[in-house]
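Please read the structure below before turning to the comments.
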Amino acid sequence: MSARARVALERYVPTSHSDLLARLTADCPDDHALYAIVSLDHAESEADVAQALGLAEQTLVNGINLYSAFSAEFRRTGPRLVPLLAANLFAIGAAMQEGRDLAVICVALNQVDSLATHLQRLGRQTQPDGGRLLFRFQDPLVLSNLLPLLRGDQLVSLLGPASRWAVTDPCGTLHIAARTPHELRTRSDSELRLDARQLESLSAALHPGTVILQANEVDSTLLADKTKCAQWTLIRQRSDRARGHGLRTDEDIALFVVLSLQLPDSFDRSGPIAEALARSQAKHASFGDEVDEIDSEEWEQWQQALELEGHQM
């Protein structure tokens, strides 16, 4: 049997909260248990995180720190592996739907320590050049975008001792990697390694998140009225529009998208931005450099023209 056949990938859009819970607990045998990987990034305190997830604070405090091998700064906010009880699942499911950094894993009871060791090792990803990078496996954005990129043998290496791993993406779609029933007892000790093309594809898939951060730094109101799902959908659409103009670098695409959030929809069809795009493509130059060449008089004339048309900059 191929490695891909040993691990099934599923994308599922839950129809309700109870539907999500049913999917989280499905196919987890009686001699297995559910565990959560809980991120403490951006949290004020462990107590706040525990309350939001319906967990006892001591459960989180006693959880296994998956960044225990890292520096003190990383250990302080390192993700925790904690056991889940049936009473926790409702709040856990709601948190997943809200887009919190959270994953649910099904693992055999006699494999919990092995799972913790596996996840701690997984946090240090070996790059194609032999270097090491921090792999944020606890981030559902990373994992939901990574799963479709992995080969069968890599999926087996990702799961390690686990039988099932579930995360949600910003739009609430549930992404599950699960061993097929007759493969529940097999285990893999091989290290997960991503090749250069996979790392490049993952970086591109995660780029909208970087653009969202940049947009918020420019003006926190630009995306404030949109849900997390709507933000990611919009940024992906605008990024595709940027590529349609021949923009290829992350910096140029991000600049185009942030400008698109601030300017009228026609900004790239006429006026100084459209001209900068044309020059960039003709000269194979940076779009950002061409935007910098627009002088204040051009901007002012364009703004006046837009105001005459009834637009607001």
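The values are calculated or read from the model by the stated rules, or taken from the named source; none is laboratory data. Nothing here was measured: the structure is a model prediction, and the numbers come from that model. Ideal geometry is used to build each Cβ from the backbone, glycine not excepted, and the neighbour counts take in all protein chains shown.
Quick notes
- Flag if residue 55 is assigned by TED's automatic domain parsing to the domain that holds residue 166 and over 23 Å from the mean Cα position of the chain (by Cα): yes
- Residue match in the stretch 100-115 (condition: within 22 Å of the chain's Cα centre (by Cα), surrounded by 15 or more Cβ atoms within 10 Å (Cβ to Cβ) and not hydrophobic (A, V, I, L, M, F, W, C)): yes
- Restricting attention to the stretch 69-101, the residues that are part of a helix (DSSP H, G or I), touching a Pro at 6+ places or on another chain (Cβ under 8 Å) and among the acidic types (Asp, Glu) total 0.
- Checking the stated criteria, residue 277 turns out not to satisfy the condition of being over 23 Å from residue 140 (Cα atoms), touching a Pro at 6+ places or on another chain (Cβ under 7 Å) and aliphatic (A, V, I, L, M).
- Scanning the stretch 215-266 for residues that are without any contact (Cβ under 8 Å) to a residue 60 or more places away in the chain, more than 18 Å from residue 279 (Cβ to Cβ) and of a type in the set (Val, Ile, Thr) gives 218, 221, 227, 235, 257, 258.
- Per-region count, the stretch 43-56, residues out of contact with any Ser or Thr (no Cβ under 8 Å at 6 or more places or on another chain) and either outside any helix (DSSP H, G or I) or at pLDDT 90 or above (or both): 5
- Unmet criterion (only one of (1) out of contact with any strand residue (DSSP E or B) (no Cβ under 8 Å at 6 or more places or on another chain); (2) in contact (Cβ under 8 Å) with a residue 12 or more places away in the chain; (3) crowded, with 17+ Cβ neighbours inside 10 Å) for residue 91: (3)
- Restricting attention to the stretch 102-159, the residues being hydrophobic (A, V, I, L, M, F, W, C) and assigned to a strand (DSSP E or B) number 9.
- Of 234, 206, all but one fail to be within 16 Å of the chain's Cα centre (by Cα), of a type in the set (A, V, I, L, M, F, W, C) and within 30 Å of residue 161 (Cβ to Cβ); the exception is 206.
- Hey, residue 67 buried (at least 18 other Cβ atoms within 10 Å of the Cβ), touching a Phe, Trp or Tyr at 6+ places or on another chain (Cβ under 8 Å) and not hydrophobic (A, V, I, L, M, F, W, C) or not: yes
- Failed condition for residue 221, given (1) modelled with pLDDT of 95 or more; (2) assigned to a helix (DSSP H, G or I); (3) exposed (fewer than 13 other Cβ atoms within 10 Å of the Cβ): (2)
- Single condition residue 233 does not satisfy, out of (1) of a type in the set (Ser, Thr, Tyr); (2) out of contact with any Pro (no Cβ under 9 Å at 6 or more places or on another chain); (3) surrounded by fewer than 16 Cβ atoms within 10 Å (Cβ to Cβ): (2)
- Among (1) more than 18 Å from residue 218 (Cα to Cα); (2) surrounded by 15 or more Cβ atoms within 10 Å (Cβ to Cβ), the one test that residue 257 misses: (1)
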